[in-house]
Amino acid sequence: MKPVNASKLTVTSKFGPRTYTYRGQKISDYHKGIDLIGGSEIIAVADGIVTSICNSGVQYGQACYVRLKHNNGWQTLYYHLKSGSVCVKVGESVKKGQKLGIMGATGQATGVHLHFQIDKGSSSSAIDPYDYIFNGKSFDGENTSNQSSNKSIEELAKEVIAGKWGNNPERKQRLESAGYDYSKVQARVNEMLAGNNPKPNPTPSVDILTLVKKTIRGDFGNGEARKKALGSNYDEVQRQVNLNLKAGLTRWDNIKLF
Ligand SMILES: [Zn+2]
């Protein structure tokens, strides 16, 4: 999915802990979204309802933004928009790809960029948007509001091992905000990792590592194209790709199998 109508987006600041200089001051915080540059037209990543906006702002002051609520239980936030550019109203239904405004530098921004965030309504429940934007991870199909608290510990532990819930402290926060008992899930994860690991066995004749490297290099495209190119190896390769990206391993010679 894309929050900006652009053929190429560049990440200027990732989700997670960061240290940066803002107006001469060194600041350390936990970045609740992802900062992007490239293009200028801000668009809805999925169908949704506009829950709040601000259309008048100034750099280093009030930020202009749009917040959408989606059917899958997640909300998306488009922040630092250009003052006066917001072209949707609160309560309005928007379609995927619909223009919301123009990229800007209102609020606590040192330059023009989009701060894009996925959460459950506030920053404390934010998750990393990277895989949704750059690795074709499905956002539209996820229905977290309905499946909340319905998964078994066993199922959740497998998802944790597959990297779906991120690492601590993000993992704890996300599991708890979805209504699950973090300590029970984590205990099962530890058991699984110590004993019988449910890792699927890759076909021995296929070099998974090379496939992972090529996937990260972009050889197989994204989403459905990637799925098709990788065939029966897709699940394992994608799992390894996600683990490498989480660990910040993106160079051909430092990508590894976990
Ligand atoms: Zn940001």
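The values are calculated or read from the model by the stated rules, or taken from the named source; none is laboratory data. Computed from a prediction, not measured in an experiment: that's the story for all the values here. Reconstructed Cβ throughout: ideal geometry from the backbone, glycine too, with neighbour counts over all protein chains shown. Only protein heavy atoms, including side chains, enter the accessible area calculation; ligands, DNA and RNA are left aside. Shrake-Rupley method; radii C 1.70, N 1.55, O 1.52, S 1.80 Å.
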Q: Return the total of residues in the range 112-122 being part of a loop (DSSP other than H, G, I, E, B) and either in contact (Cβ under 8 Å) with a residue 12 or more places away in the chain or near the ligand (Cβ under 10 Å from one of its atoms) (or both).
A: 3
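For the range 79-88, state whether one or more residues are assigned to a strand (DSSP E or B), more than 16 Å from the ligand (Cβ to nearest atom) and open to solvent by 10 Å² or more (accessible area, probe 1.4 Å).
Step one: of the range 79-88, the residues assigned to a strand (DSSP E or B) are 79-81.
Right, trim to more than 16 Å from the ligand (Cβ to nearest atom) and you get none.
Scanning the range 79-88 turns up no residue that is assigned to a strand (DSSP E or B), more than 16 Å from the ligand (Cβ to nearest atom) and open to solvent by 10 Å² or more (accessible area, probe 1.4 Å).
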**Q.** Within the range 28-38, considering residues that are in a strand (DSSP E or B) and within 12 Å of the ligand (Cβ to nearest atom), the one surrounded by the fewest Cβ atoms within 10 Å (Cβ to Cβ)
**A.** 29
